[in-house]
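Peer 1: Below you will find the structure I want to go over with you.
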Amino acid sequence: MDDPFTEATALKRRWAVLARAIRAGYVIAVVVAVAWAIISTDFLAQGQVLASLMRPAGWAFIAAWCVMVVMLGWLWRLWVEWRYGVTLRAAEWLHAQAMAWSGRYLPGKLGLMLGKLAVARDRLGWRKVGRSVLVEQMAFVAAGIFTAVLLMPSYLVEGFDELPRWVVSGWPIFRPLIAAGTVCAFILGLRVLDGITTGETDEGGAHPGLGRRVVLLGLYVAPHVLVGIAFYALVLATSSGTVTPSIAHCIAILALAHVAGILAIFAPAGLGVRELVLAAGLSPFMGFQESLLIAAALRMLTLVADSFVAGSIAITWAAAKRDGSSNKDSA
């Protein structure tokens, strides 16, 4: 008769081998997807776009973008701790964030969950990872709408011919109402999610109170503001016009572009969608062609920054694999 313990051990080892294979395949897919995004883009033919990489403002944006990625990873870790009572080590959540962020270049946004699942599955399980990523996306979108609505200048709203005139004329009144509605919608969305996951409180988790939910949304505003300020500096450095948009204008349209990129589910990393929103948002101050060039420069800079993130995946994965082999040999 077979030993149940031996069979369980063998099954566990087979699952571990399969998990490592999936993880390796995911890393390869991410690297290929990022490389394809760089090679296939037409922006490489634009000398003005490439020149932006040599400007201090361009490198400042790359730095701000990388800091934003780390901030978003920390905020995900914070929610995991608040909601599920699981404290992830820095090495865990940084690795998970790098995997998930680079996974944005995979179709259908599935990489966002698969990246974190590859690292945090053993600590959280796939259901909790999936729901935490859903909350993360809800918070980022809600914070982006909140930021854009509060900072969007009235003259920019007047440029949207599709909006009814009564909305444009009453924008000073609608602005705080829409911002408050966004906060309420986020809190309501979390409550709906709580109703679906009530049983998880028996596993050591808890439902964070209203105060923590509002704080979480407020913290998600910071990444939008950070990269928005860096984008404003880039616009000032690359624009050829004498009149440039305000810092509030730049933060608002970039936040709106990020929201549009996330909601465009089948556009990897929001490719094309974000550029269109940015070009339309900058066009009141410059020609559409120049606006599109600046949007293209921003995409190139984000590709460089995301390549740094993708590179960190390969480095940390290789280091973890080497350490694991060393520990096994010493045992």
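Peer 1: If you take the residues in region 254-279 that are over 21 Å from Leu234 (Cα atoms) and in a loop (DSSP other than H, G, I, E, B), which one is modelled with the lowest pLDDT?
Peer 2: Ala267
Peer 1: Please go through region 206-260 and give me each residue that is under 21 Å from Leu78 (Cβ atoms) and hydroxyl-bearing (Ser, Thr, Tyr), ordered by number.
Peer 2: Tyr220
Peer 1: Would you point out the residue of region 81-94, among those that are open to solvent by less than 50 Å² (accessible area, probe 1.4 Å) and out of contact with any Ser or Thr (no Cβ under 9 Å at 6 or more places or on another chain), that is modelled with the lowest pLDDT?
Peer 2: Glu92
Peer 1: Restricting to region 95-119, and then to whatever is within 14 Å of Gly261 (Cα to Cα) and charged (D, E, K, R), can you tell me which residue is modelled with the highest pLDDT?
Peer 2: Result: Arg104.
Peer 1: Based on this model, can you work out whether Ile229 counts as in contact (Cβ under 8 Å) with a residue 40 or more places away in the chain and buried (at least 18 other Cβ atoms within 10 Å of the Cβ)?
Peer 2: So Ile229 does not fit the description; no.
The values are calculated or read from the model by the stated rules, or taken from the named source; none is laboratory data. Predicted model, so just to flag it, every value in this text is computed and none were measured. For neighbour counting, all protein chains shown are included, and Cβ atoms are generated from backbone atoms with ideal geometry for every residue, glycine included. Only protein heavy atoms, including side chains, enter the accessible area calculation; ligands, DNA and RNA are left aside. Shrake-Rupley method; radii C 1.70, N 1.55, O 1.52, S 1.80 Å.
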